[in-house]
2 protein chains.
Amino acid sequence: MKKTSPAVSCSNCSVRRLCLPVGLSDGDIERLEQVTRKKKVVRAGETLFRAGDPFDSLYAIRSGSFKSAVIGADGDTQVTHFALPGELLGLDAYSGGMHPGYAEALEESSVCVLPFTQLEGLAQQVPALQKQIYSIFSEELKQENEALLLLGKRSADSRLAALLVNISSRYSRRGYSASDFVLSMQRIDIANYLGLTAETVSRLLSRFQKQELIRVQGRSVTILDPIALSELAGTHCSYES
Amino acid sequence: MKKTSPAVSCSNCSVRRLCLPVGLSDGDIERLEQVTRKKKVVRAGETLFRAGDPFDSLYAIRSGSFKSAVIGADGDTQVTHFALPGELLGLDAYSGGMHPGYAEALEESSVCVLPFTQLEGLAQQVPALQKQIYSIFSEELKQENEALLLLGKRSADSRLAALLVNISSRYSRRGYSASDFVLSMQRIDIANYLGLTAETVSRLLSRFQKQELIRVQGRSVTILDPIALSELAGTHCSYES
DNA sequence: TTCAAACAATGACATGGATCAAACACGCGT
DNA sequence: ACGCGTGTTTGATCCATGTCATTGTTTGAA
């Protein structure tokens, strides 16, 4: 079995139903593959890009996971997003010509590199791809609005419950178990993302376990009572990202 | 040359340097004007669109101001944005085909109605417009990231200071005074936006006044010490102890 | 395997901002 | 101009969550 530099093929990609190819014909997917030839592997803790790096590409996650964060003027950071396979990183860099924040791999991860000028050119010719790009931008905005809702109004336990429900449903959509998964990020990243402290997150996870909502074992989580958890989160129907 | 129902002309619009026409040639602006023919006036307290309304148009603010808000599953709302002239409303509706939140005029306001399918079609032919649309999407994402930073990490006074500085600079960019302006929204909207209560906002405004950072008279604000205010907001470069 | 360093859990205590309550001001319709 | 309702200010109190401190647990390198 020979191992060339691994060929990227959207048609065979396990996340194609969640990624740019959505809604594209086979022919158009072939043209998209011309743009997505380059693939990159990032190891845990390494960054895909840093704040200030020039913008030239978007990155589509094939496997693994990332955290994105922005850095404030006074140096403190805010985790803005946990990204799973099928999601696009770097969209917020277009307008300024450079990345306003960084993306760090939470585990060994693999991404498709999408040179934006090429993608742009192709989108100009393929309306379905154009629509898909708009859709992803818009979806991202909607998600951030929901994140704002979370940070603005909800109590600590509600926030953490919402994150667990959200991650659970995102894994579920990708064909993994909705009830058993690994939180690949540290407690402190979760805390930062939710606007809390690591101690509070830790305490709440313990409490949720005592209340038999979940079972926690290090970074492995089992959802025991998804209904109660959703109610706590304030999102009665488990919505998807 | 008779004045019918007020003609919309991007070339003459006072906010054209901040709006979609940025970077477009005169010829392209003419084509854009074909799309922006419709204008709409919204009175204070009226909504431009509500959560759940079908998405068909974007709205470009010509004058006035709006608040956008999303409504959580349990009914409580989060103000996500205060929008000023030159800004686009409705971008987050594309992916779902409907508006996830509502936009309410804070004062008598006027907007251009941009039917999205037409805009999309034109963008397909005019790369500069395409770029401008991407840019606006991306800019919006970047701003929301900054909002997340604000809500996630900062203390109440820092948040309020940041809002004041932000609004001041946005007015300034539009050619108005950076130091004297009117907060067209209620205290409770500010509070909601910042993840605080109206009481806290009120107290802080009083305190800022006592500290001679600002002068408040109802909804009119005068910035007395922009430097100190920026420092409070954490938007200057300083290292924390 | 052992050790050191990073990560996580838990406890004790402090506090910023929420909540409740009351007085005050302003705008609007009559 | 009057009165009423909505919005705003201010005060008193309380609690959720942050902070600081300690101990326990996992990870990974030698």
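Just so you know, all these numbers are worked out from the coordinates, no wet-lab data involved. These numbers come from a predicted model, not from an experiment. Virtual Cβ from ideal backbone geometry, glycine too; neighbours counted across all protein chains shown.
Directionally averaged projected area (the range A:70-196, Cα convex hull): 9.2 nm². For the range B:1-116, the alpha-carbon coordinates run over 52, 28, 22 Å along the three principal axes, in decreasing order.
Overall shape of the range A:51-144 was characterised from the C-alpha gyration tensor. The equivalent ellipsoid obtained from it has semi-axes of 23, 16, 13 Å, in decreasing order.
Contact order normalised by length for the range A:6-121, with contacts defined as Cα pairs under 8 Å and 6 or more residues apart; what percent is it? Contact order relative to length: 36 percent.
Note on the range B:14-80: the C-alpha convex hull projects to 6.0 nm² when averaged across all orientations. Between B:GLU46 and A:ALA128, what is the FRET efficiency for a Förster distance of 45 Å, r being their Cβ-Cβ separation, to the nearest 0.05? Working from the Cβ atoms, E equals 0.80.
With respect to chain A, whose longest principal axis is taken over its alpha-carbon atoms, helix A:116-125 is tilted by about 70°.
As a proxy for reagent exposure, ranking B:VAL216, A:VAL165 by other Cβ atoms within 10 Å from fewest up yields B:VAL216, A:VAL165. Relative to the Cα centre, the charge distribution of the range A:70-198, modelled as +1 at Lys and Arg Cβ and -1 at Asp and Glu Cβ, gives a dipole magnitude of about 440 debye. Along the positive direction of the dipole of chain B (beta-carbon charges: Lys, Arg +1; Asp, Glu -1; about the Cα centre), which of B:CYS13, B:THR36, B:GLY195 reaches farthest? So the residue we want is B:CYS13. Per-residue shielding of B:185-197, expressed as the average number of other chain Cβ atoms within 10 Å of the residue Cβ, stands at 1.
Using alpha-carbon pairs under 8 Å, 6+ residues apart, how would you state the relative contact order of the range B:109-223 in percent?
19 percent
What is the helix-to-structure angle for B:198-210, meaning the angle in degrees between its Cα long axis and the longest Cα principal axis of chain B, kept from 0 to 90 and rounded to the nearest 10? Around 70 degrees separate the two axes. What's the long-distance tail for chain A, i.e. % of Cα pairs beyond 29 Å? Here the long-distance tail beyond 29 Å is 31 percent of all Cα pairs in chain A.
For chain A, find the longest principal axis of its Cα atoms and tell me its angle to the long axis of helix A:26-35, 0 to 90°, nearest 10. For A:26-35 against chain A, the angle is about 90 degrees. Scaling the Cα radius of gyration of the range A:138-241 by the globular reference 2.2 N^0.38 Å produces a ratio of 0.99. Taking amide H as placed 1.01 Å from N in the peptide plane, A:MET98 has its amide H under 5 Å from the amide H of A:PHE55, each at least 5 places away in sequence or on another chain. Summing charges over neighbours of A:VAL113, with a neighbour being any other residue whose Cβ is under 10 Å away from its Cβ, gives +3 when K and R count +1 and D and E count -1. Peptide B:74-84 has a mean of 4 when you count, residue by residue, the C-beta atoms of other protein chains within 10 Å of its C-beta. Just so you know, the Rg over Rh for the protein assembly as shown is 0.97, from Cα atoms, with Rh as the Kirkwood radius. Normalising the average separation of contacting C-alpha pairs (under 8 angstrom, six or more residues apart) by the number of residues puts the relative contact order of chain B at 18 percent. Taking the Cα centre of the protein assembly as shown as origin and assigning +1 to Lys and Arg Cβ atoms and -1 to Asp and Glu Cβ atoms, the resulting dipole is close to 200 debye.
This model, with +1 at the C-beta of Lys and Arg and -1 at the C-beta of Asp and Glu, gives the range B:6-150 a dipole about its Cα centre of some 460 debye.
Considering every alpha-carbon pair of the range B:119-161, the percent of pairs per 5 Å bin, from zero through the bin containing the longest distance, is 6, 21, 17, 13, 11, 9, 9, 8, 6, 1. Evaluating 6.51 cos²θ - 1.76 cosθ + 1.60 at θ = phi - 60° for every residue in the range B:163-179, the Karplus couplings come out as 5, 4, 4, 4, 5, 4, 6, 5, 4, 4, 4, 8, x, 8, 4, 7, 9 Hz, glycine and proline recorded as x. What FRET efficiency do you get for A:GLU199 and A:ARG17 if R0 is 41 Å and r is their Cβ-Cβ distance, rounded to the nearest 0.05? Between A:GLU199 and A:ARG17 the formula returns 0.55. Considering helices alone, the calculated mean residue ellipticity of the protein assembly as shown at 222 nm is -12500 deg cm²/dmol, with DSSP H runs of length four and up weighted by -39500 (n - 2.57) and normalised per residue.
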